[in-house]
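Every number here is computed from the coordinates shown, using simple stated rules; none is lab data. Just so you know, these numbers come straight off a predicted model, no measurement behind them. Cβ sites come from the backbone with ideal geometry, for glycine too, and all protein chains shown count toward neighbours.
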Amino acid sequence: MCVVKLTKVILIITSLFIVTELLTSKLTGINHEQHSNQAISKLNKEIKSIFNDALITSEVIKEMVLLSNERSISLEHFNKASKKLLETYINVDALLYLPNGIVELAYPYQEHKLAIGHNVLSDEKRKRGANESITYKETTIVGPIKLVQNGRQAFVLRKSVSDEKGFIGLSSSVIYLDSILRVIENQLKQHDVKNYSISGYNPDTANPAERVIISGGDLTSTPHKGEIQVFETKWDIAIYPDSSNLIPRLLVLCTLVVTILILAAPVRYFRKYQDSEKQRNHLQKEAHTDFLTGLLNRRGFEFKFDKVKDNQQAGAIAVFDIDFFKNINDNYGHDVGDMVLIQFSKICDALIHDEFILSRTGGEEFMLLMPDISKSQAKIICESLREAVAKAPIFVKRQNINITVSIGISNFTSTDKLETAVAFADKALYLAKRTGRNRVCIN
């Protein structure tokens, strides 16, 4: 009898340990997935900012060729434009122009002169990626690849240049692997990610091992997988859980066996609640999003402002208005105007802090919510945005459209209403318009 009872006790205890370990693994997996998604989201934003620079610079070279009568670009004009572009878009390391797929122009020249004369369409290691750009007339990003001109590992953004007469050439922007690796490693370190692997897109190789950009830590367990979107190109990222604390966690959870078993029933309810919350958040996001730019609309901005006030936070609000936007609609049409609004929102969104809230509140008017920021700090931030907008070339349907923006700023306290803060910011905006536009004014 004693032996039977002892056996039952042992079986019960063993079962409890097994259930505890299963629950622990499940909860750890959920936490790992959420943590990984946060890290992947931040990486996407950082990589997007880097390659936005590459896209803009290649697009400028492409448009310079298309706007010329000779369907080409002179060395003088190429060097002048490239120098200005690399000074403005610091994430890009070099620019190349390849008429008929042959490198003819490169900047900076000394570092990339050995690439002159190289034909990427006849190079077995380059032609597949180049042909994709030509065939589909899309932007492609390949890498990391070893550059023929200096042996350095880099990513190359290629943009096909063609018109109604056919293919003209390729414009390319080069970003060295070293600078991107520093950004990736810093972001993963900030999110305490130790075990990871990131594989890039390289259509010129079929070997998966050659597509690995960077990896580190223990890659033996089952990872959480995600994607880093780089325009039409996707990188695969795998984040592996840290198993070094499994034994201490198991010892702690063993003392909480009874509590865990009691909580086993609500787990199912919690999952259903998570699903319903996701659905509710999805519907709320649709109601709070501007359909054209993807930014928050006025309703979404009000919701975020109320949350800031609930946290007893003060800060600053800026109202943006694109100068003479009506002339763009009148001269080029509303479809071009819409594309200008989209490009304007992308420029601003790439430069603002993650904790700031950018929204389109109507027409050419945008608002920026800056919690815990003084008016003087807000002016510095808005001045940098204003300068970036004025410098950024916007090419729409072969039209080079230069825009400027006027900005009005006001501050608010945790007790102020949104209408009051916006009214003061509107007065400052009116002052900016009245005193010459393309400036920042504070109320």
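Quick notes on this one:
- Residue 212 long-range amide H proximity, modeled H, under 5 Å: 200
- Pairs from 84/427; 137/346; 146/225; 326/397; 48/417 whose Cα-Cα separation, in the structure shown, is over 30 Å: 84/427; 48/417
- Electrostatic tally near residue 436: other residues with Cβ closer than 13 Å to its Cβ, Lys and Arg +1, Asp and Glu -1, net +4.
- For segment 108-193, alpha-carbon Rg relative to the globular expectation (2.2 N^0.38 Å, N residues): 1.29
- Built from the Cα atoms of segment 131-181, the convex hull projects on average onto 3.8 nm², one quarter of its surface area.
- Local electrostatic count, residue 336, Cβ distance below 15 Å [Lys/Arg +1, Asp/Glu -1]: -2
- Among 46-52, 172-178, the order from most to least packed when residues are scored by Cβ within 10 Å on average: 172-178, 46-52
- Of the GluC sites (Glu not before Pro) found in segment 105-168, the ones in coil according to DSSP and having at most 14 other Cβ atoms within 10 Å of their Cβ are 124, 138, 164.
- The alpha carbon centroids of segment 89-166 and segment 380-406 are separated by 27 Å.
- Global geometry of segment 341-443, whether rounded, prolate or oblate, following the gyration tensor of its Cα atoms and the 1.5 cut on a/c: prolate
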